[in-house]
Structure formats: C-alpha cells, structure tokens
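**Student:** What follows is a structure written as structure tokens; I'll ask about it next.
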Amino acid sequence: MTKVLFVCLGNICRSPTAEGVFHELVRRRGLENVIRMDSAGTSGWHIGAPPDTRARAEAKRRGIDLDHLRSRKVEPGDFERFDYVVAMDESNLEDLREICPKPLLERIHLFTDFAPKGVPTGDPDPYYGGSDGFAKVFDLITQCSEGLLARIIEERHKDDAR
Ligand code: 4NP
C-alpha cells in the first residue's frame, strides 16, 4: 500500500482538489486497493469545513465530487502514516519541514516537482482570486497528479523487482 497526503494552507481549495483528482486517476487505473490518499492543511483555520464552494464547483464541472471532504490539520503522526507528503507550494513545504521528524524529511515533496518541465513552481493559491483561478489551478493539479501517479507506479515496480 502506498499512501499520499496532499497539504495546503487551508485544506479547502488546493489540497482537497488534489485529493479528488488523484483519487479519480487512481480509480481509473484500478489501483484503489494499493494507493490511498488524504489531504490536510498546515493552518487548521477551516477544520471541519467542506471544500470552498468554488473548488467544489470547478471539480463538479470536471466530473469530480469533493462534497464529502472535510478540512483537517496536519498532525505529527501523518509523517509516519504517509509515504508521500505533498506540499502545494513552497510556503507549505517550509511549514511541513519545520514539524516533520528529521528521519522522515524525505517523504516531503513539492507537488509541482511532478509536473512536466516548464510548469512554474508552486500551485498558485486561488483563495483570494476569481473563479478562473480555480480552473487554472485545477489544470495544474491534474498535470502534477498524473506525474505523481507515474512516479509512484514506477517506484512500486522497482520494489516488486527487488
Ligand atoms: P488552500 O486555500 O490553502 O488552497 O485551501 C486557502 C484557503 C483559506 C485561506 C487561505 C488559503 N484562508 O486564508 O483562510
């Protein structure tokens, strides 16, 4: 089993979108029993809240339902439980590095590192902008999710060969 945790600031815009998109990619490949995912926020400002209405609307438009998700805060045990802890931007990355036990630091990744070359670093936070920001971030999240899934499948094959 490979476990992935997506992390942003509020866990109501980017990381729940990433969780939903990644889940859909995993489902389409029939890998739901071997790859699991969750999302969390570094801040805890929106604990218990569903994803932002604009994020849910954009996802729904693309055939992905985020309505059941609820915001939670990252907790220390997450670094033990998840194989990949994926930060949506550099600031989330820094915050995660500060609270991560040293031996587990290599589990933390920047989401856009999995995007095709030429994509700018960091998922722009759409929270303070208009709904076109949500469409753009959705596209970026899809590209990064595809790259991340390809990497995980590659790593799993390497492990199988060992
Ligand atoms: P997210 O977006 O980190 O992608 O969920 C934000 C959500 C809420 C806030 C900031 C960013 N906020 O300031 O409450």
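Just so it is clear, none of the values below were taken in a lab; they were calculated from the coordinates. Please read all numbers here as calculations on a predicted model, not as lab measurements. Virtual Cβ from ideal backbone geometry, glycine too; neighbours counted across all protein chains shown.
**Student:** FRET efficiency for Arg62 and Arg151, Cβ-Cβ distance as r, R0 = 25 Å, nearest 0.05?
**Tutor:** 0.65
**Student:** Is the shape of the range 1-89 best called rounded, prolate or oblate, per the rule: a/c under 1.5 gives rounded, else a/b larger than b/c gives prolate, else oblate, with a ≥ b ≥ c the square roots of the Cα gyration tensor eigenvalues?
**Tutor:** oblate
**Student:** Apply the Karplus parameterisation 6.51 cos²θ - 1.76 cosθ + 1.60, with θ equal to phi minus 60°, to every residue of the range 37-52 and state each ³J(HN,Hα) to the nearest whole Hz, in sequence, with x for glycine and proline.
**Tutor:** Result, ordered by residue: 9, 8, 9, 7, x, 6, 8, x, 5, 10, 3, x, 7, x, x, 3 Hz.
**Student:** Also: Pop a pseudo-label 7 angstrom from the Cα along the beta-carbon direction at both Glu90 and Asp160 and give the gap in nm to one decimal.
**Tutor:** It works out to 3.8 nm between the two label points.
**Student:** Next up: Please report His157, His109, His23 as a ranked list, fewest other C-beta atoms within 10 angstrom at the top and most at the bottom. Walk me through the numbers on the way to the answer.
**Tutor:** Values: His157 9, His109 17, His23 21.
Ranked by crowding around the Cβ, least crowded first: His157, His109, His23.
**Student:** Give the long-range amide H neighbours of Lys73: residues separated by 5 or more places, or on another chain, with amide H under 5 Å away, using H modelled in the peptide plane at 1.01 Å from N.
**Tutor:** Gly41
**Student:** Hey, got the Cα dimensions of the chain along the principal axes, in Å, largest first?
**Tutor:** 48, 34, 33
**Student:** Now a separate question. Helix by helix, which DSSP H runs in the chain go 30 Å or more along their axis at the Cα atoms and have an average Kyte-Doolittle hydropathy of -0.5 or more? Write down the numbers at each step before the final one.
**Tutor:** Details: long enough: 131-161 (45 Å, -0.27).
Sorted by number, the helices that extend far enough and score high enough are 131-161.
**Student:** Now for a different question. Which lysines have a Cα lying under 26 Å from the Cα of Lys73, excluding residues fewer than 8 positions away in the same chain?
**Tutor:** Cross-link targets: Lys3, Lys60, Lys102, Lys136.
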